[in-house]
Amino acid sequence: MALVAFLILAAWVDVNAALTPFAEGLDLTGTQWAQADTSGLLWIGIPLVIGIWRALMREVK
């Protein structure tokens, strides 16, 4: 049961799992697009926003 839940979660969080259909040249479904967008947001978007915020809030020396 736990393995099935992990595999479902991995499709949404793991970039490799989410982008595999792109590498295979398949037509993506709406769910697959959402999985790719979610993993990209988690691994690229959020760190980017945090980094920009930290740079803007940094005290000028």
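Taking R0 as 30 Å, what's the FRET efficiency between Arg58 and Leu28 from their Cβ-Cβ distance, rounded to 0.05? Provide the component values of the computation, followed by the final result.
Values: r = 39 Å, r/R0 = 1.31.
Here the calculated transfer efficiency is 0.15.
Per residue, the chain exposes 85 Å² of accessible surface when a 1.4 Å probe is rolled over the protein heavy atoms with every protein chain present. A Gaussian network model of the chain, with springs between Cα atoms under 10 Å, assigns the largest mean-square fluctuation among Ala11, Ala34, Ala23 to Ala23.
Rounded to the nearest 20 debye, the dipole size of the chain about its Cα centre is 440 debye, using +1 on the Cβ of Lys and Arg and -1 on the Cβ of Asp and Glu. The convex hull of the Cα atoms of the chain, projected and averaged over all directions, covers 6.2 nm². When a 1.4 Å probe is rolled over the protein heavy atoms, the share of accessible surface on the chain that falls to carbon and sulfur comes to 71 percent.
The values are calculated or read from the model by the stated rules, or taken from the named source; none is laboratory data. The shown structure was predicted, so the numbers you read here are calculated from the model rather than taken from an experiment. Note that we place each Cβ from the backbone using ideal geometry, even for glycine, and neighbour counts take in every protein chain shown. All accessible areas refer to the heavy atoms of the entire protein, side chains included, with ligands and DNA or RNA removed. Shrake-Rupley method; radii C 1.70, N 1.55, O 1.52, S 1.80 Å.
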